[in-house]
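Here the structure is laid out as structure tokens; the discussion comes afterwards.
The values are calculated or read from the model by the stated rules, or taken from the named source; none is laboratory data. Here the structure is a predicted model, which is why all the values come from computation and not from measurement. As a convention, Cβ positions derive from the backbone with ideal geometry for all residues, glycine included, and neighbour counts pool all protein chains shown.
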Amino acid sequence: MKLLVTGGAGFIGSAVVRRAISDGHTVVNVDALTYAACLENLAGVAQHPDYTFEHVDIRNRMELDRVFATHAPDAVMHLAAESHVDRSIDGPGTFIDTNVMGTFHMLEAARAWWNAQDRPAHFRFHHISTDEVYGSLPDDPAVQFTEDTAYDPRSPYSASKASSDHLVRAWHETYGLPVVLTNCSNNYGPYHFPEKLVPVVILNALAGKPIPVYGQGQNIRDWLYVEDHADALLLVVREGAIGRSYNIGGENEARNIDLVRMTCAILDRLRPAQAPYGDLITLVEDRPGHDLRYAIAPDRIRTELGWRPSVTLEQGLEKTVRWYLDNESWWRALQDRDGVGERLGRGA
């Protein structure tokens, strides 16, 4: 299968590209190389004969038309997006421009190419989204997000992703474009950009700096190891039912404070310091509109496609910590990028 992957130099996108190449697919990576992208994520496949990189912004319709005409993909996996909630609070315009308008241009370019090819039956447009579109859940294990949960986004980021989800469904219903959608829980793992929670914990701990935890650390997230996510995404693009959405969860709920403590305990064992890393944990002012809990009911993807995550949170965190300890040159090169290491999301 020839896959056109947008955002393939990002965290999740690069995991998809690496896995797709490993599985024998041909991949065209379309990426604008914004601040969170890193071609080093793909160093292992960059010279592979089945990999091609196109330095293209998804908001550039003319270039998108060229890419479709040149590469004639069997499927699109649309991951390109602005994704950091804190940045969306400080600068929502970029999120609307990329996540909403960029998705619109992708849909139109895909639709034009699909129509020009006499609507090939095998074609798929796979839109990758987030569970944050559903809003916030109470602290009740019996309540989880399903594919039928009403949308209730609370941040500019989640609102922009909800908007893009609606566009994809509308293009399916109105124009017949063959789409599948996925909404995932919080990802973590190797190559995670240093502004997100797990790498912030690891890198601040190693530097002996305070480890910031918003509010009282009681917010709950369902944690999904990124390589498990990539496996699920490739399964959905191959076997998912047209017009269907699938929630992808890690089946690993944890309070933020507990996740941070677990990560510190792993560091204590693998890279001991003079004092426990947990001593660096510092509660800071919460961010505006911080959702209490996300949790995914993964029944549909488990029942229809037979997918389940392969690692527990404890196993995944240890894999992640070991990767960061072994790849200092990768993350050091990213720490000078705009906003990394700063407190964002105050809504100023």
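Put simply, of 339, 278, 289 the only residue that is in contact with a Phe, Trp or Tyr (Cβ under 8 Å, 6 or more places away or on another chain), in contact (Cβ under 8 Å) with a residue 12 or more places away in the chain and surrounded by fewer than 20 Cβ atoms within 10 Å (Cβ to Cβ) is 339.
Considering each of 164, 158 in turn, give the residue that is out of contact with any Pro (no Cβ under 9 Å at 6 or more places or on another chain), part of a helix (DSSP H, G or I) and within 14 Å of residue 291 (Cα to Cα).
Numbers: 164 fails: within 14 Å of residue 291 (Cα to Cα).
That would be 158, the only listed residue that is out of contact with any Pro (no Cβ under 9 Å at 6 or more places or on another chain), part of a helix (DSSP H, G or I) and within 14 Å of residue 291 (Cα to Cα).
Kindly provide the set of residues from the stretch 88-116 that are hydrophobic (A, V, I, L, M, F, W, C) and modelled with pLDDT under 95, ordered by number. Steps first, answer last, please.
Going residue by residue through the stretch 88-116, those that are hydrophobic (A, V, I, L, M, F, W, C) are 89, 95-96, 100-101, 104, 106-107, 109-110, 112-114, 116.
Within the stretch 88-116, 89 is the sole residue that qualifies.
Do we have any residue at all in the stretch 133-151 that's modelled with pLDDT of 95 or more, of a type in the set (Gly, Ala, Ser) and at positive phi? Yes: one or more hits.
When the strands (runs of 3 or more DSSP E) confined to the stretch 1-69 are screened for residues that are surrounded by fewer than 20 Cβ atoms within 10 Å (Cβ to Cβ), those reaching at least 2 such residues are found at 51-55. Considering each residue of the stretch 112-134 in turn, at least one proves to be under 18 Å from the mean Cα position of the chain (by Cα), without any contact (Cβ under 8 Å) to a residue 60 or more places away in the chain and assigned to a helix (DSSP H, G or I). Here the condition is being out of contact with any strand residue (DSSP E or B) (no Cβ under 8 Å at 6 or more places or on another chain), touching a residue at least 40 places away in the same chain (Cβ under 8 Å), buried (at least 22 other Cβ atoms within 10 Å of the Cβ) and of a type in the set (Ser, Thr, Tyr); of 191, 175, it holds for 191 alone. Remark: residue 258 matches the filter, which requires a residue to be surrounded by fewer than 15 Cβ atoms within 10 Å (Cβ to Cβ) and farther than 30 Å from residue 75 by Cα.
No other residue among 195, 147 is acidic (Asp, Glu) and within 17 Å of the chain's Cα centre (by Cα) apart from 195.
Could you tell me which of the residues 317, 259, 334 is under 20 Å from the mean Cα position of the chain (by Cα), assigned to a loop (DSSP other than H, G, I, E, B), more than 30 Å from residue 179 (Cα to Cα) and among the aliphatic types (A, V, I, L, M)? Give the derivation first.
Values: 317 fails: assigned to a loop (DSSP other than H, G, I, E, B); 259 fails: assigned to a loop (DSSP other than H, G, I, E, B).
Just a single option satisfies the conditions, and that option is 334.
If we scan the stretch 285-295, do we find a residue that is within 26 Å of residue 90 (Cα to Cα) and part of a strand (DSSP E or B)? Yes: the stretch 285-295 contains one or more residues that are within 26 Å of residue 90 (Cα to Cα) and part of a strand (DSSP E or B).
Filtering the stretch 195-218 down to residues that are assigned to a loop (DSSP other than H, G, I, E, B) and surrounded by fewer than 20 Cβ atoms within 10 Å (Cβ to Cβ), which residue is modelled with the lowest pLDDT? Even if it seems obvious, please write down each step before you answer.
As a first pass, look at the stretch 195-218 and keep what is assigned to a loop (DSSP other than H, G, I, E, B): 195-196, 208-210, 215-218.
Still in the list and also surrounded by fewer than 20 Cβ atoms within 10 Å (Cβ to Cβ): 196, 208-210, 215-218.
Working: 196: 92, 208: 97, 209: 97, 210: 97, 215: 95, 216: 95, 217: 96, 218: 96.
Applying the filter and picking the extreme gives 196.
Quick grid of which residues meet (1) surrounded by fewer than 24 Cβ atoms within 10 Å (Cβ to Cβ); (2) out of contact with any Cys (no Cβ under 9 Å at 6 or more places or on another chain); (3) farther than 24 Å from residue 234 by Cα:
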site: 85; (1), (2), (3): yes, yes, yes
site: 94; (1), (2), (3): yes, yes, yes
site: 102; (1), (2), (3): no, yes, no
site: 120; (1), (2), (3): yes, yes, no
site: 136; (1), (2), (3): yes, yes, yes
site: 150; (1), (2), (3): yes, yes, yes
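When restricted to residues that are of a type in the set (A, V, I, L, M) and within 18 Å of residue 202 (Cβ to Cβ), the stretch 241-261 contains 4.
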